[in-house]
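The values are calculated or read from the model by the stated rules, or taken from the named source; none is laboratory data. Bear in mind the structure is a predicted one, so any value in this text is a computation, not a measurement. When we count neighbours, we look across all protein chains shown, and the Cβ atoms used for this are built from the backbone with ideal geometry, even at glycine. Side chains included, ligands, DNA and RNA excluded: accessible areas come from the protein's heavy atoms. Shrake-Rupley method; radii C 1.70, N 1.55, O 1.52, S 1.80 Å.
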Amino acid sequence: MNTPQTNSIENASKNRDKSVIEIKNLKKSFGDQEVLQNITLNLIKGENLVVLGKSGSGKSVLIKCIVRLLNPDEGVINVLGENISTLNTKGLSTLRQKIGFLFQSGALYDSMTVKQNLEFPLRRIKKNLNDKEIETKIIEVLENVGLADALHKIPSQLSGGMRKRISLARTIVVDPMIMLYDEPTTGLDPITSDEISALINKVQEKYKTSSIIITHDIRCAHNTANRIIMLKDGEVYMEGKVADFENATDPFIQSFFQ
Amino acid sequence: MKENNPVLKAKGFATRQSLRISEKTIAKKTDANNYLADVADVFLFLSRIFKETFSRDFEFKEFLRQCFQIGYKTLPLISIIGAIIGLVLTIQSRPVLVNFGAVTMLPGMVAVSLIREMGPVITALICAGKIGSGMGAELGSMKVTEQIDAMEVSSTNPIRFLVVTRVIAATLMIPLLILYADALGIFGSWIGANIKGDVSFVLFFSQAFGHVHFMDLFPAVIKSFFFGAVIGVVGCYKGYNAGRGTESVGVAANSAVVLASLLVIIVDMIAVQITDMLM
């Protein structure tokens, strides 16, 4: 079992050559509140990395810093070899095309149908596709998430689980290399939650993505994680495999896993 | 004994007073800093709109959709209000003009007042309510539900897609709505004139437009473009900068209406002063 920060730094340097995301000494505050304090972690190519932690521990802030929706106060974030803090608007836009972000709320565009929601990023990122290829691609991803019949529905006609699936379809339609999932199973019943977890694994297998999954749902972590990082008070508290966490004697870890 | 010492009492009083004054000074400085930050924010927002307006990838399809939303969907409301303003203005003015034996001036007077002032200002205020609040609420809820963030991470510039299209559509559609309201106002006036009198449609309109000159129409059209731009920018700014909670959607919509209405009146005042100087 690896424990706190020092071991995670060692792992980060060990896996540097295989890393698609490297974060070093990341700090982020909102006013007086320090949300992230000296976070160091890496995402290895092809793995599902689950980031666990209590609500308010800075999990969502962490992945928003990765796509620069929030600017870090200190630290370095390298994504696919690019330091995101030094990228200009065009460079950032190009890098974002390789990253899929599944928002906690789904963030489907209310005024558009499911088809238009999927077309939106596709027409902007894959500019070389013609109408027929776009249609084929949309149907293919909708079949992958099991909602091919929802093509002409609007978001308000969809259930919570369906919205998450469509949102996932919108994210994978542009073939991202990295997936960032922000609380993918929050607010869903256990059956739908398991379906979403299975979809995350399917996406990893079929599209060969590397993913960071932010969650406080142990069931989801269990189903999807290749490796887990636990955040506490804005720092990496523990890093390891699912079994390491299950066998941990630390009361804080136990309160999650038992 | 110490408690009754007048020197210590005075010293304590002076310390408390100076603390109060410094707290007030700090509070005022914070207010001033916040105000300056807000002003800087508005200018930054305007510069981003300006920059994106002239970018190569203009979202033409979304612009047409916004023209439809702003122009066509506001048409029924503007039709009713335009006709009623003309009708009421005629019914209220007629008795006074009859007393002075100047009833033949009625079509011209109504036309000039509608075209120069009443039509543009009232239509702009109605648009500030309907379109400004709509933009504030729509963009505000998009912000709260992370749709704007989703747009940003999917490599789409939200200012270009959401804001520029709405601001340009409002700038172009509101002058058209104002001209339409003016025309319907004069039509309403003709109906009003026929309630107690008998004037033919052709005579009424020829008398009305006989009194309208180029310098009545031109400044009114120019200022209506500014009304449109103000409504679009304020609605988008308030929505785009809404807070994170659902309450902020209501706040964004409400403050968009209030600020847009206020700015419409201020722009009108400036426009009238400029027109007056030029004439």
Across A:103-112, the residue-averaged tally of Cβ atoms belonging to other chains within 10 Å stands at 5
Between A:Met177 and A:Lys202, the two model label points (7 Å from Cα along the beta-carbon direction) sit apart by a distance in nm of 2.6 nm
The simple spin-label model distance between B:Phe201 and B:Arg48, using points 7 Å out along Cα→Cβ, in nm, is 5.1 nm
At 10 °C in a medium of viscosity 1.306 mPa s, the stretch A:84-160 has a Stokes-Einstein diffusion coefficient, with Rh taken as the Kirkwood radius over alpha carbon pairs, in µm² per second, of 113 µm²/s
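Is the shape of the stretch A:57-196 best called rounded, prolate or oblate, per the rule: a/c under 1.5 gives rounded, else a/b larger than b/c gives prolate, else oblate, with a ≥ b ≥ c the square roots of the Cα gyration tensor eigenvalues?
In terms of gyration-tensor shape, oblate.
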Asked for the total accessible area buried by B and A (1.4 Å probe, Å², nearest 100), one would answer 1500 Å²
Under 5 Å from the placed amide H of A:Arg227, counting only residues 5+ away or on other chains, we find A:Asn48, A:Val50
By the C-alpha gyration tensor axes a ≥ b ≥ c (rounded if a/c is under 1.5, else prolate when a/b exceeds b/c, else oblate), the shape of the stretch A:116-258 is prolate
Note to self: with every protein chain in place and a 1.4 Å probe, the stretch A:202-242 gives an accessible area per residue in Å² of 39 Å²
Along the dipole axis of chain B (charges at Cβ: +1 for Lys and Arg, -1 for Asp and Glu; origin at the Cα centre), the most positive-end residue among B:Gly197, B:Val212, B:Ala252 is B:Ala252
Excluding residues fewer than 8 positions from A:Lys27 in its own chain, the lysines with Cα under 20 Å of it are A:Lys54, A:Lys59, A:Lys64, A:Lys232
The answer for the per residue Cα convex hull volume of the protein assembly as shown, in Å³, is 262 Å³
Scattering profile of the stretch B:66-196 from the Debye formula, Cα beads only, expressed as log10 I(q)/I(0) at q = 0.19 Å⁻¹, is -0.97
Honestly the stretch A:57-118 on the Cα gyration tensor test (a ≥ b ≥ c root eigenvalues; a/c under 1.5 rounded, otherwise a/b vs b/c for prolate or oblate) is just oblate
Rg from C-alpha atoms of chain B, normalised by the globular rule of thumb 2.2 N^0.38 Å, equals 1.39
Taking the convex hull of the alpha-carbon atoms of the stretch B:52-95 and averaging its shadow over every direction gives an area in square nanometres of 4.5 nm²
Share of accessible surface on carbon and sulfur in chain A, whole %, 1.4 Å probe and ligands ignored, is 47 percent
For the B:Phe209, B:Val258 Cβ pair and Förster radius 35 Å, calculated FRET efficiency rounded to 0.05 is 0.45
For B:Ile266, the accessible surface traced by a 1.4 Å probe with all protein chains present amounts, in square angstrom to the nearest 10, to 70 Å²
So B:Arg244 and B:Asn194, fully extended at 0.36 nm per residue minus their Cα-Cα distance, gain in nm 12.5 nm
Expressed as a whole number, the average count of other chain Cβ atoms within 10 Å around the Cβ atoms of A:95-101 is 3
With all protein chains present, chain B has a carbon and sulfur share of its accessible area (1.4 Å probe) in percent of 70 percent
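Taking the Cβ-Cβ separation of A:Ile154 and A:Lys126 as r and a Förster radius of 25 Å, what is the calculated FRET efficiency to the nearest 0.05?
0.60
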Expected vector for the stretch A:43-51, Karplus 3J(HN,Hα) from phi with 6.51, -1.76, 1.60 and θ = phi - 60°, integer Hz, x for Gly and Pro, equals 10, 8, 4, x, 9, 9, 9, 8, 10
D (µm²/s, integer) via Stokes-Einstein for chain A, Kirkwood Rh across alpha-carbon pairs, 37 °C, 0.692 mPa s: value 175 µm²/s
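Quickly estimate the mean residue ellipticity at 222 nm for chain B, helices only: each DSSP H run with n ≥ 4 gives -39500 (n - 2.57), and the total goes over all residues, rounded to 500.
The helix-only estimate for chain B comes to -27500 deg cm²/dmol at 222 nm.
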For peptide A:230-239, the mean count of other chain Cβ atoms within 10 Å per residue Cβ is 0
